[in-house]
Amino acid sequence: MSDFFELTEDDLSVPAENKPSVDLPFLSDLNPEQRQAVEQTEGPVLVLSGAGTGKTRVLTTRIAYLLATGLASPWQILAVTFTNKASREMKERLEQMIGLPARSVWLGTFHSVGIKILSRYTSEAGLKPNFIVLNTDDQERLLKKIMQENGIDTKQYTPATLLDIIQRWKDRGLSPTAVTPTEDSNFCNGRARGFYQLYQNRLRELNAVDFGDLLLLPLELFKTHPDILALYQSKFKYILVDEYQDTNVAQYLMLRLLTQKQKNICCVGDDDQSIYSWRGAEVENILNFQKIYPEATIIRLERNYRSTAHILGAASGLIAHNAGRLGKTLKVADTRDGYGDKVHLKGYWNGSEEAEGVIDQIETEQRRGKPLSKMAVLVRISAQTRPFEEQLIKRGIPYKIIGGFKFYEREEIRDAVAYLRLVLNTSDDLAFTRIVNKPRRGIGDSTIDALEQAAKEHHISLFDAIAWAELRPSVRRALDAFAGLIKMMRDKLNTLDPAPLARQLLEDSGYMNMWRSDKSPEAEGRLENIKELYNVLDEFETINDFIEYAALVTDADENTTEDQLVVMTLHASKGLEFDCVFLTGWEEGLFPHQKAMDESGEEGLEEERRLAYVGITRAREKAFISFATNRRIYGQWENALPSRFIDELPADHIQNETTVSMGYGNQGFSHTKVNPYRYEESPFAAPTHQSVDPYWNSNLPHHQASKSRRVGKRVYHESFGYGTVIKETPNGLEVHFDDFGLKKVQARFLSEA
């Protein structure tokens, strides 16, 4: 409710119908398409607003125009946005344009609108006055209690997973009774639908709602109380929607109901920037706008006030490969001389060299006078930030992570480091208390109190106190197993390298399975971060060396200067802009991300391409795209193809600075045979052309697996015995061993049988 400034009709000193309808200075700065979007007030209007084309100006000016011309009173206008930041910005602009009446416009987020409606019709919605809105932590604790009351193991079936399922149903406008058996989830053997009903019942008992209810309950209210719906249909003469491409089904249904009487709805959005399907957004809402409203006016805003011609040309050429779009082409709005810099494209041997090269370029731009705060490094997944952060720390360059924590500050990294600290030193009580119940082992405050009491009495650590404390049998078994694991891993400190030790520790402890069973959107990123940590550990000889390094990184003095480089994911960058943008990791499987394509096929690929379009259009002056020919994945070096998006970039707008061989695409890659696997970089390196290894095929293209003269050969390995070569890849051979099955090994460890 705080998102709204509202006065009553009686508080306004000047009635809307008496406001002047001439001499509107705020129209003079609009281009022809923007002005049409403002003045086309009647009927459905879809404004396709490309990146940097001034959509916020159009929305606020349209509201000001409706008020200034007397077409509507402030309380007859509903304007909905997706973020509190956007609604605040619109309110401030609107007040500057028309003054006090701006405060009576219904302007806020969809959820704010929901709260406002529910507060006015509390009893009709099945609530009591002063209802509360639960946060995510409260929701999970409530679901956990319900599940435990019904005999569910919340370690196997996590409350976070169930909450995600329920929120998806609410995003689609489905109440518990509307979820059919065919729409039910496999979660907990098909019991999610029943738990949804129990959860809603418990919310009512608590006089509480969650964020999904702020959309679902107004929908149900409108359906069960036609008189209330009719009141709002008459009340809102004009409805405006920001970021329409990000609406979910429930939001779409609410808008459809409200506009059934007066179809004066203006939706502003960009189908090319729909990148949030993973949180319920339906791009079909904007793509089908004209089918829903056949009489709709479509207005395209294509004059970009942000980027240079080459940047816009590259972005437009890329997004043109999407079939599911309404179509528009961005063009430079002003008459600046020239096209600016072409989009720079560069390939690197590996991820570490990519990070070094990108930071080198950032330092070059800084020497040329470009502030760090005007530059951004954009990554597809958060785990990619680690090599860039380490380069930035090494060189003393201030930076900030937007939309997340720095690598070593992330929960899962702190947990993993705590596990390693405890293995290294069982007297580390801080590490012990952090991870003794991660994953959950039934260790509560009373158990910790008992351990602390025993530790105090015997002058020992909490870990050693396990043997002395008075504990319940179930807790005793859990702690004994935990202590046994830590002791076993201590015994392996001198025989296992840091990365394999950490991998075994986090697997055997159940920590990795804890995140695998967590179906929340963040879980996959946490797993990727831990796997990236394994790559870090490969660079250290001992766990102690790594712990010392991690302590230095996390304890480094925080730089409070405002001039900081921005590092963030592509998703977090939407709506922002920078002079120089560095788009990193453009490789198949990473970007486009393999999971998106596996789960959603062509639709997933098109959303990934929209994400690339968003990234490029963040740049005002310069855009740099980079990729690596090989990356360390799960501790092993693997070749990478350049992203198919690189091949789709129009060559006329690209300055290709790549010298590594990929043999792929239309960007003029060198076809000189080179070997990206170098011994000094990778313990899994393949032999070079000069190697005497009889199995090395120097003609094998390193960007793809290929059948060669070695496939089908019988070979012998000291540990695995006899086998047959099944496939040859750049980083080894896949061999089916007679007694051990399929294994990937290096050719130098094999002899011909």
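The values are calculated or read from the model by the stated rules, or taken from the named source; none is laboratory data. As the structure is a prediction and not an experimental result, all values here were calculated from the model. Using ideal geometry, Cβ is built from the backbone for each residue, glycine included, and neighbour counts are taken over all protein chains shown. Remember, those area values only see protein heavy atoms, side chains included, never the ligands or the DNA or RNA. Shrake-Rupley method; radii C 1.70, N 1.55, O 1.52, S 1.80 Å.
Scan (1) at positive phi; (2) open to solvent by 20 Å² or more (accessible area, probe 1.4 Å); (3) modelled with pLDDT under 90 for the single condition G280 breaks and write down its number.
Of (1) at positive phi; (2) open to solvent by 20 Å² or more (accessible area, probe 1.4 Å); (3) modelled with pLDDT under 90, only one is false for G280: (2).
Can you list the helices (runs of 4 or more DSSP H) lying wholly within the stretch 142-230 that have 3 or more residues being over 27 Å from the mean Cα position of the chain (by Cα) and under 25 Å from A281 (Cβ atoms)? Spell out the reasoning first.
Working: elements: 159-171, 192-205, 213-224.
Where helices (runs of 4 or more DSSP H) fall fully within the stretch 142-230 and carry at least 3 residues being over 27 Å from the mean Cα position of the chain (by Cα) and under 25 Å from A281 (Cβ atoms), they are 192-205, 213-224.
Only one of these is outside any loop (DSSP other than H, G, I, E, B), of a type in the set (V, I, T) and at pLDDT below 90: T364, T385, T447. Name it.
Among T364, T385, T447, only T385 is outside any loop (DSSP other than H, G, I, E, B), of a type in the set (V, I, T) and at pLDDT below 90.
Being at pLDDT below 95 and within 16 Å of S119 (Cβ to Cβ) is true for just one of K235, K223. Which residue is that?
Details: K223 fails: within 16 Å of S119 (Cβ to Cβ).
Among K235, K223, only K235 is at pLDDT below 95 and within 16 Å of S119 (Cβ to Cβ).
Mind counting the residues in the stretch 423-434 that are part of a helix (DSSP H, G or I) and surrounded by fewer than 20 Cβ atoms within 10 Å (Cβ to Cβ)?
So the count comes out to 5.
If I ask for residues that are farther than 14 Å from G126 by Cβ and touching a residue at least 40 places away in the same chain (Cβ under 8 Å), which ones from the stretch 192-206 would you list?
F195, L198, Y199
Would you tally the residues in the stretch 451-460 being surrounded by fewer than 15 Cβ atoms within 10 Å (Cβ to Cβ) and assigned to a helix (DSSP H, G or I)?
Residues meeting the conditions: 4.
Can you tell which of A323, A315 is under 26 Å from E587 (Cα atoms), open to solvent by 60 Å² or more (accessible area, probe 1.4 Å) and under 25 Å from the mean Cα position of the chain (by Cα)? Write out each step before concluding.
Values: A315 fails: open to solvent by 60 Å² or more (accessible area, probe 1.4 Å).
Answer to the check: A323.
Out of all the residues in the stretch 468-477, which are of a type outside the set (D, E) and either touching a helix residue (DSSP H, G or I) at 6+ places or on another chain (Cβ under 9 Å) or without any contact (Cβ under 8 Å) to a residue 24 or more places away in the chain (or both)?
Matches in the stretch 468-477: W468, A469, L471, R472, P473, V475, R476, R477.
Is it the case, given these coordinates, that T177 is without any contact (Cβ under 8 Å) to a residue 24 or more places away in the chain and surrounded by fewer than 20 Cβ atoms within 10 Å (Cβ to Cβ)?
Details: without any contact (Cβ under 8 Å) to a residue 24 or more places away in the chain: yes; surrounded by fewer than 20 Cβ atoms within 10 Å (Cβ to Cβ): yes.
Spelling it out, T177 is indeed without any contact (Cβ under 8 Å) to a residue 24 or more places away in the chain and surrounded by fewer than 20 Cβ atoms within 10 Å (Cβ to Cβ).
If a residue must be in contact with a strand residue (DSSP E or B) (Cβ under 7 Å, 6 or more places away or on another chain), open to solvent by less than 10 Å² (accessible area, probe 1.4 Å) and in a helix (DSSP H, G or I), how many such residues does the stretch 34-86 contain?
7
Test I132 against the criterion of being buried (at least 17 other Cβ atoms within 10 Å of the Cβ), in contact (Cβ under 8 Å) with a residue 24 or more places away in the chain and among the aliphatic types (A, V, I, L, M), and give yes or no. Give the derivation first.
On the way: buried (at least 17 other Cβ atoms within 10 Å of the Cβ): no; in contact (Cβ under 8 Å) with a residue 24 or more places away in the chain: yes; among the aliphatic types (A, V, I, L, M): yes.
The answer is no for I132.
Scan R380, R386 and give me the residue that is open to solvent by 20 Å² or more (accessible area, probe 1.4 Å), closer than 25 Å to F591 by Cβ and under 22 Å from the mean Cα position of the chain (by Cα).
Among R380, R386, only R380 is open to solvent by 20 Å² or more (accessible area, probe 1.4 Å), closer than 25 Å to F591 by Cβ and under 22 Å from the mean Cα position of the chain (by Cα).
Which residue, of K85, K91, is touching a residue at least 60 places away in the same chain (Cβ under 8 Å) and not hydroxyl-bearing (S, T, Y)?
That would be K91, the only listed residue that is touching a residue at least 60 places away in the same chain (Cβ under 8 Å) and not hydroxyl-bearing (S, T, Y).
Which of the numbered conditions does L420 fail, given that it passes all the others? Conditions: (1) part of a helix (DSSP H, G or I); (2) open to solvent by 70 Å² or more (accessible area, probe 1.4 Å).
(2)
Return a yes/no flag: does the stretch 238-256 have any residue that is farther than 23 Å from L326 by Cβ and open to solvent by 40 Å² or more (accessible area, probe 1.4 Å).
no
Being of a type outside the set (D, E), surrounded by 13 or more Cβ atoms within 10 Å (Cβ to Cβ), modelled with pLDDT under 75 and under 37 Å from the mean Cα position of the chain (by Cα) is true for just one of Q746, Q704. Which residue is that? Spell out the reasoning first.
Working: Q704 fails: surrounded by 13 or more Cβ atoms within 10 Å (Cβ to Cβ).
After applying the criteria, what remains is Q746.
Across the stretch 1-51, what is the number of residues that are on the phi > 0 side of the Ramachandran plot, acidic (D, E) and at pLDDT 85 or above?
Counting residues in the stretch 1-51 that are on the phi > 0 side of the Ramachandran plot, acidic (D, E) and at pLDDT 85 or above gives 0.
Out of (1) among the aliphatic types (A, V, I, L, M); (2) under 26 Å from R503 (Cβ atoms); (3) more than 41 Å from the chain's Cα centre (by Cα), the odd one out for I443 is which?
The one condition I443 does not meet is (3).
Could you list, in sequence order, all residues of the stretch 398-413 that are at pLDDT 80 or above and surrounded by fewer than 17 Cβ atoms within 10 Å (Cβ to Cβ)? Walk me through how you get there before you give the answer.
Kept after step one, since they are at pLDDT 80 or above, are these residues of the stretch 398-413: 398-402, 407-413.
Correct list: P398, K400, I402, E409, E411.
Scanning for something assigned to a loop (DSSP other than H, G, I, E, B), open to solvent by less than 20 Å² (accessible area, probe 1.4 Å) and under 21 Å from D415 (Cβ atoms), does the stretch 461-468 turn up at least one residue?
There is at least one residue in the stretch 461-468 that is assigned to a loop (DSSP other than H, G, I, E, B), open to solvent by less than 20 Å² (accessible area, probe 1.4 Å) and under 21 Å from D415 (Cβ atoms).
Considering every residue within the stretch 602-614, establish whether at least one is over 13 Å from R644 (Cβ atoms), among the β-branched types (V, I, T), open to solvent by less than 10 Å² (accessible area, probe 1.4 Å) and not in a helix (DSSP H, G or I).
No, that holds for no residue.
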